[in-house]
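Bear in mind that the values in this text are calculations on the coordinates, not laboratory data. It should be emphasised that the depicted structure is a prediction, and the values quoted were computed from it without experimental measurement. Heads up, the Cβs are rebuilt from the backbone with ideal geometry, glycines too, and the neighbour counts pull from every protein chain shown.
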Amino acid sequence: MPEGPSVKSFQLLTAPFVGQVVAKVGGSSRQRNLKDLKATRLQDSQASGKNLFLAFGAALEAWTMGGSPSPGPVEEEPTIQGKADRGACSLTLAQEGQEEDVAQLSPEEHSVQRKQEMGCSVPDASDAAGDTWKWLRFHFGLYGSIRANEFSRANKANKRGDWKDPVPRLVLHFDSGGFLVFYNCQIHWCTSPAVEPASDILSPKFHRGQALAALRQPTSICYTLLDQRYFSGLGNIIKNEILYLARIHPLSQGSLLALSALESLLDHAVQFSTDWLHKKLAGKGLHYQIYLKEKCPLGHKVMQGTFGPQDGFKRLSWWCPQCQPRVPPEGNDPKSH
């Protein structure tokens, strides 16, 4: 499923539509009351980890003072935000090598994963306008995507041999003539967005101290990295790549790693995620160092295994035994929890 950089790119794609009025609603979603979005105004767009949040309010709400918008607060990245274009464009999570991961998860593990990565909190609204907004949460599937002013077209035959275009879950047509199309996503109403910038790896407010404390637990490091409480938006691709870049074995115990190694891992997590986002906005693909590879960049054979805590979901890991030695050595592990 889309990781933080993909969801942030989706948010940047929706941002230019903030302030516009919904003229028509379409799509296959059976979520209740989506038709009620007609004649409302898109008031806000926020991304947090692996979730996108859109707020809708009355068309005249907060727009009567000189015609100037006053939507709720949006965490901004000016150098990136300017790259979101209102013209016809698409930001699609094309496979990105994740199909193999999803195939390894049982229905029970999928359920646990969804509980960790989805959900809305109900924090106190900070302003009167926000109190009356209706929020939608979008959680994207494996091939989830958003397109602006265009529809997705089939580029190959499906398993039945049909060349059918993907069916959008939701289509929002705006009074400006533009439209947004949402594919392969779960849509839910919520009172307000569950935004935790301290744990969001793409947020300027990402709390390194909190993240370091989590990493120093006596737990396999690959388990902690996927814990959305501490690393919101960090998914399996980022996990594998940054562990290789930091030269850390996925099953190394965090409490036994040097502080310098954990600091390096954090640096790679933030830098890799930021670079991935910029590549997406520039229309460039991501080059993997270790993920889905048979050999590492130094020519060593890459190992593959499925790991996860006893009470959690399991994910595939790729690592190089020579570049990423295990700490402690295999066979001498302390008990993890």
Next on the checklist: Suppose a student asked you for the relative contact order of region 219-312, using Cα pairs under 8 Å spaced at least 6 residues apart; what percent would you report?
Outcome noted: 28 percent
Item to check | Inter-probe distance in nm under a simple model that places probes 7 Å from Cα toward Cβ, at A198 and K156 | outcome: 4.5 nm
Item to check | Formal net charge of residues neighbouring W189 (Cβ-Cβ distance under 9 Å; K, R +1; D, E -1) | outcome: +3
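Over 24 Å between Cα atoms: which of K8/K205; K156/K239; K50/K239; K164/K239; K38/K279 fall into that group?
K156/K239; K164/K239; K38/K279
Grab the Cα-Cα distance for L292 and A59, subtract it from 0.36 nm times how many residues apart they are, and report the gain in nm with one decimal.
Working: separation 233, 0.36 × 233 = 83.88 nm, distance 4.77 nm.
Here the segment from L292 to A59 would lengthen by 79.1 nm.
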